[in-house]
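Structure, as structure tokens:
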Amino acid sequence: QVQLVESGGGLVQPGGSLRLSCAASGSIVSINAMGWYRQTPGKQRELVANIISGGGTNYADSVKGRFTISRDNAKNTVYLQMNSLKPEDTAVYYCNAVATSVGGGLKLPYWGQGTQVTVSS
């Protein structure tokens with residue numbers, strides 16, 4: 001099993017910055033990709049950004065140029081630096097990892113518990 005623990009959410013004013021962190025632990029053999037999704041009430045969870053083991057990244061159009069995803073493979077940790085935050089960035093942010101665990105043999109998606117980000121004056 002793989003556990004994901006997120007940190008770094010909170011309340012910030014428009015134009016401000018936050019940095020989210022997510023650390024993976026457990027019986028990990030390998031992690032293919034790590035990323036961040038977000039969800040607001042009544043809407044589907046959407047991809048914010050992800051990063052694969054080779055370093056390639058993907059971003060939602062709405063966050064390009066403002067958010068930066070990075071990864072520390074040695075620590076199995078992914079970060080999301082969020083700058084120039086807007087009220088529409090308000091959501092619960094979920095960490096995601098696609099990983100293979102000991103005894104698993106399959107690449108499976110794992111999710112964190114979510115962290116609230118609120119952008120408001």
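Overview of values
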{"read-out": "Portion, in percent, of the accessible area of the chain that falls on carbon or sulfur, probe 1.4 Å", "value": "49"}
{"read-out": "Those trypsin sites (Lys or Arg not before Pro) in the stretch 28-60 that DSSP places in a loop and that have at most 11 other beta carbons within 10 Å", "value": "43"}
{"read-out": "Calculated from backbone phi, Karplus (6.51, -1.76, 1.60) coupling profile of the stretch 51-58 in Hz, x at Gly/Pro", "value": "9, 8, 4, x, x, x, 10, 9"}
{"read-out": "For the chain, size of Cβ-based charge dipole, Lys and Arg +1, Asp and Glu -1, in debye", "value": "60"}
{"read-out": "Residues of the chain: accessible area per residue with a 1.4 Å probe, Å²", "value": "51"}
{"read-out": "Other-chain or far-sequence residues with amide H under 5 Å of residue 48's (modelled H)", "value": "36, 37, 38"}
{"read-out": "Dipole magnitude of the stretch 1-66 about its Cα centre (Cβ charges: Lys, Arg +1; Asp, Glu -1), debye to nearest 20", "value": "140"}
{"read-out": "Solvent-accessible surface ranking, highest first, for 63, 5 at 1.4 angstrom", "value": "5, 63"}
{"read-out": "In sequence order, calculated HN-Hα J values of the stretch 94-107 (Karplus, 6.51, -1.76, 1.60; Hz; x Gly/Pro)", "value": "10, 7, 9, 9, 9, 9, 10, 9, 4, x, x, x, 10, 7"}
{"read-out": "Length gained when the stretch residue 88-residue 61 is fully extended (0.36 nm per residue, less Cα-Cα span)", "value": "8.4 nm"}
{"read-out": "Cross-link pairs beyond the 25 Å C-alpha cut-off, checked among 43/107; 43/75; 43/64", "value": "43/107; 43/75"}
{"read-out": "FRET efficiency estimate (nearest 0.05) - Cβ-Cβ, residue 43 to residue 106, R0 25 angstrom", "value": "0.30"}
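The values are calculated or read from the model by the stated rules, or taken from the named source; none is laboratory data. Keep in mind it's a predicted model, so treat the numbers as computed, not measured. Positions of Cβ are backbone-derived with ideal geometry, glycine not excepted, and every protein chain shown enters the neighbour counts. These accessible areas exclude ligands, DNA and RNA; they are computed on the full protein's heavy atoms, side chains included. Shrake-Rupley method; radii C 1.70, N 1.55, O 1.52, S 1.80 Å.
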